[in-house]
1. Somewhere in the stretch 72-83, is a residue surrounded by 18 or more Cβ atoms within 10 Å (Cβ to Cβ), within 13 Å of residue 30 (Cα to Cα) and under 9 Å from the mean Cα position of the chain (by Cα)?
2. Looking for something touching a residue at least 24 places away in the same chain (Cβ under 8 Å) and within 28 Å of residue 32 (Cβ to Cβ) - is there at least one such residue anywhere in the stretch 103-113?
3. Do you know which residues across the stretch 57-68 are out of contact with any Phe, Trp or Tyr (no Cβ under 9 Å at 6 or more places or on another chain) and not polar (S, T, N, Q)?
4. Kindly indicate the residue of the stretch 107-159 that is in a helix (DSSP H, G or I), hydroxyl-bearing (Ser, Thr, Tyr) and more than 21 Å from the chain's Cα centre (by Cα) and also nearest to residue 71 (Cα to Cα) among those meeting that condition.
5. Please enumerate the residues belonging to the stretch 78-89 that are in contact with a helix residue (DSSP H, G or I) (Cβ under 7 Å, 6 or more places away or on another chain), in a helix (DSSP H, G or I) and touching a residue at least 24 places away in the same chain (Cβ under 8 Å).
6. Confirm whether residue 92 is in contact with a helix residue (DSSP H, G or I) (Cβ under 6 Å, 6 or more places away or on another chain), on the phi < 0 side of the Ramachandran plot, in a loop (DSSP other than H, G, I, E, B) and surrounded by 12 or more Cβ atoms within 10 Å (Cβ to Cβ).
7. Under 8 Å by Cβ, and 6 or more places apart or on different chains, what pairs join a residue from the stretch 28-57 that is at positive phi with one that is surrounded by 11 or more Cβ atoms within 10 Å (Cβ to Cβ)?
8. Identify the residue in the stretch 102-120 that is surrounded by 11 or more Cβ atoms within 10 Å (Cβ to Cβ) and of a type in the set (Val, Ile, Thr) and, among all such residues, is farthest from residue 138 (Cα to Cα).
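We did not get these values from a lab; they are worked out from the coordinates using the rules stated. Quick caveat, the model's predicted, so the values are computed rather than measured. Cβ sites come from the backbone with ideal geometry, for glycine too, and all protein chains shown count toward neighbours.
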Amino acid sequence: MQQKPPTSITVAEATSKMEHYCAYQERCHKDIVTKLNTMRLIPAAKEQIIIHLIEHNFLNEERFAKSFARGKFSIKKWGKQRIIRELKYRDISQYNLKEALKEISDTDYLNTFHELAEKKYHLLTETNLIKKRKKLTDYLLYRGWETHLVFEKVRELFE
């Protein structure tokens with residue numbers, strides 16, 4: 001069976017594809033670079049496309065970071081530590097990271113944390129209290145909640 005040679009794509013076609021890719025969902029620079037690498041373009045063409053996306057506001061790192069933080073907090077109930085870790089993985093600047101975290105109000109943050117901890121506590125069926133305590137602690141820490149909040153809440157729930 002013969003393999004088809006890789007099809008070449010013009011810069012205009014690649015730009016159009018990337019515009020659609022960015023319009024569908026907020027993207028970070030790392031996502032764009034990864035996607036462009038799959039298109040087998042020369043470095044100059046990749047750079048040209050990225051500049052075009054930034055100039056036409058398809059690619060905006062600050063907007064991405066804010067949207068990411070809001071979404072992961074409100075939908076997945078992630079804590080700030082997990083959000084920071086994921087944004088750093090995507091090479092988001094320190095400034096954009098701080099701006100993104102401002103999107104989460106302190107009252108919402110604490111209310112969500114307490115609701116999540118209490119819900120998980122009641123869902124755990126473990127009878128051994130030490131194991132139950134560890135499972136709850138591990139769950140909250142994995143989701144990126146601050147250690148002082150987690151240990152305080154676990155102590156409160158197991159008294």
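1. No, because not a single residue in the stretch 72-83 is surrounded by 18 or more Cβ atoms within 10 Å (Cβ to Cβ), within 13 Å of residue 30 (Cα to Cα) and under 9 Å from the mean Cα position of the chain (by Cα).
2. There is at least one residue in the stretch 103-113 that is touching a residue at least 24 places away in the same chain (Cβ under 8 Å) and within 28 Å of residue 32 (Cβ to Cβ).
3. Those that are out of contact with any Phe, Trp or Tyr (no Cβ under 9 Å at 6 or more places or on another chain) and not polar (S, T, N, Q): 59, 61, 63, 64, 65, 66, 68.
4. Once the filter is applied, the top-ranked residue is 107.
5. 80, 83, 84
6. Criteria met by residue 92.
7. 40/9
8. 104
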